[in-house]
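What follows is a short report on a single structure.
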Amino acid sequence: MPRVAYHLHSQQLLEEAMVVYIYLYGPSTGSKAMDNIKGKVCVTGASGFLASWLVKRLLLAGYHVTGTVRDPGDDKKLAHLWKLEGAKERLQLVRANLMEEGSFDEAIKGCQGVFHTASPVIKPSSDPKAEILEPAVKGTLNVLHSCKKSRTLRRVVLTSSSSTVRARDDFDPTVPLDESSWSSVDLCEKLQIWYALSKTLAEKAAWEFCDENGIDLVTILPSFIVGPSLPPELCSTASDVLGLLKGEKEKFQWHGRMGYVHIDDVALCHILIYEHKDCHGRYICSSTVMDNDELVSLLSSHYPLLPLPQRFERLNRPYYKFNTSKLTSLGFKFKSVQEMFYDCIASLLSRAIYLQSSNDKSKTNHTQTIDSTVDNYMRPA
Ligand SMILES: NC(=O)c1ccc[n+]([C@@H]2O[C@H](COP(=O)([O-])OP(=O)(O)OC[C@H]3O[C@@H](n4cnc5c(N)ncnc54)[C@H](OP(=O)(O)O)[C@@H]3O)[C@@H](O)[C@H]2O)c1
């Protein structure tokens with residue numbers, strides 16, 4: 001066998017042996033967390049809003065990360081990932097598409113963990129089945145088929161959504177919803193809530209497949225994610241937040257009541273649940289549930305200069321809260337709504353000023369401009 005091939009082969013064997021050892025005997029420290037073992041993990045849809053932040057956190061934690069993207073040649077879309085600390089040494093980006101069978105085999109091979117975040121977060125324009133349901137459900141099964149083939153895999157963390165819990169009309173509003181609650185497929189179909197339907201069907205399919213095939217699956221159910229965006233284009237939910245801050249009502253009007261969570265908390269929660277040996281099942285990841293009016297009143301009091309909408313129509317939707325004790329009992333603490341919007345607004349302002357200043361031929365001190373504008377808007381009330 002040529003020397004290089006022999007070296008690669010023996011390295012892979014060593015990695016596999018380490019995973020088997022840890023799986024059988026637990027970490028050498030004797031603690032419950034699988035600490036010190038920062039092996040190789042795969043993040044699907046790595047260029048997305050949440051996934052980019054997760055990749056950043058995984059790299060900072062010392063992991064080797066293989067991210068899947070649809071087009072690894074798209075330098076503009078991926079530049080933010082290559083700028084992350086540790087990326088040059090420990091990040092690899094490979095091509096994979098949810099709609100192609102076997103597409104994730106190479107990316108997942110040799111990984112101990114898979115974070116499956118890729119899923120369409122869009123409002124379908126004409127064909128919900130093709131645009132959102134199939135990529136979510138078939139895509140998840142495709143990823144899991146690749147996981148099944150892997151000899152090194154320890155755990156799969158699936159990014160589901162709190163919309164898999166709350167889209168139902170048959171619960172007691174005085175009892176906070178917990179992980180035992182599932183959205184009603186019939187209701188989602190009747191009301192054409194395609195995103196919630198896609199996430200509910202995908203998570204159910206994942207549980208069924210993993211139960212049948214002995215794959216260790218945990219799922220994270222974030223509510224609406226707010227925070228700084230790393231990718232160059234804002235994803236659909238980050239654009240909705242920008243719209244609200246500019247005074248647009250429509251998207252949030254439809255939300256009515258919503259849970260909110262900081263993007264950093266969602267990423268940290270993924271890593272915690274991956275590393276903690278005893279974690280199992282579903283985890284709701286949400287800081288606070290609020291009505292639109294409560295949210296804009298809070299934001300207006302902190303940011304009086306922003307042209308936020310004043311009043312929302314009351315919708316005939318059930319009142320709900322989330323019980324997040326399964327996660328908080330592990331010691332997890334959520335950042336507040338104030339903190340997530342502060343970080344989000346600061347990042348949007350920096351981005352706006354950066355874009356404006358990069359078009360500006362006369363070179364000013366941009367860092368100073370960003371700082372002073374952010375300070376102006378961020379005047380605490
Ligand atoms: N944002 C929220 O408030 C929120 C809340 C709860 C749960 N989640 C979940 O978090 C995950 C990430 O969402 P996000 O908010 O970060 O949205 P996002 O930025 O739009 O990310 C979605 C990712 O999925 C990828 N994707 C979509 N279709 C694909 C396909 N056919 N093949 C391969 N990749 C595909 C996208 O790739 P491209 O970049 O190539 O399009 C993108 O990387 C999703 O599972 C979403 O359901 C989000």
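Values in this text are rule-based calculations from the coordinates and carry no lab data. Every value quoted in this text rests on a predicted model; they were computed, and no experiment measured them. Methodologically, a virtual Cβ is constructed for each residue, glycine included, from the backbone with ideal geometry; neighbour enumeration extends over all protein chains shown.
Descriptive notes on the structure:
- Of the GluC sites (Glu not before Pro) found in segment 69-148, those in coil by DSSP whose Cβ has at most 10 other Cβ atoms within 10 Å are Glu85.
- Sites Lys123 and Leu330 - FRET efficiency at Förster radius 35 Å, r taken between beta-carbons, to 0.05: 0.55
- Prolate/oblate/rounded call for segment 81-227, Cα gyration tensor, a/c under 1.5 rounded: prolate
- Loop-located GluC sites (Glu not before Pro) in segment 197-274 (DSSP state other than H, G, I, E, B) with a sparse environment of at most 15 neighbouring Cβ atoms within 10 Å: Glu233.
- Annotation note: trypsin sites (Lys or Arg not before Pro) in segment 203-255 located in DSSP loop regions with a Cβ neighbour count of at most 12 within 10 Å are Lys246.
- Remark: spin-label model distance Glu339-Asn97 equals 4.1 nm, labels positioned 7 Å along the Cα→Cβ axis.
- Taking the centroid of alpha carbons for each part, segment 85-116 and segment 167-208 are 29 Å apart.
- Between Lys38 and Asp74, the simple label model (points 7 Å from Cα in the Cβ direction) yields a spacing of 2.9 nm.
- Most simply put, segment 146-290 has about 20% antiparallel DSSP beta bridges, counting only bridges with both residues inside it.
- The lysines within cross-link reach of Lys326, meaning a Cα-to-Cα straight distance under 22 Å and a gap of 8 or more places when in the same chain, are Lys32, Lys199, Lys204, Lys277, Lys335.
- Separation of the Arg311 and Asp211 label points, Cα + 7 Å toward Cβ, nm: 4.9 nm
- Ordered by the count of other Cβ atoms within 10 Å of each Cβ, fewest first, Leu234, Leu315 give Leu315, Leu234.
- With neighbours defined as other Cβ atoms within 10 Å of a residue's Cβ, the residues Trp53, Trp207, Trp194, Trp82 order from fewest to most as Trp82, Trp207, Trp194, Trp53.
- Take every Cα pair under 8 Å whose residues are at least 6 apart in sequence, average their separation, divide by the length of segment 169-262, and the relative contact order is 22 percent.
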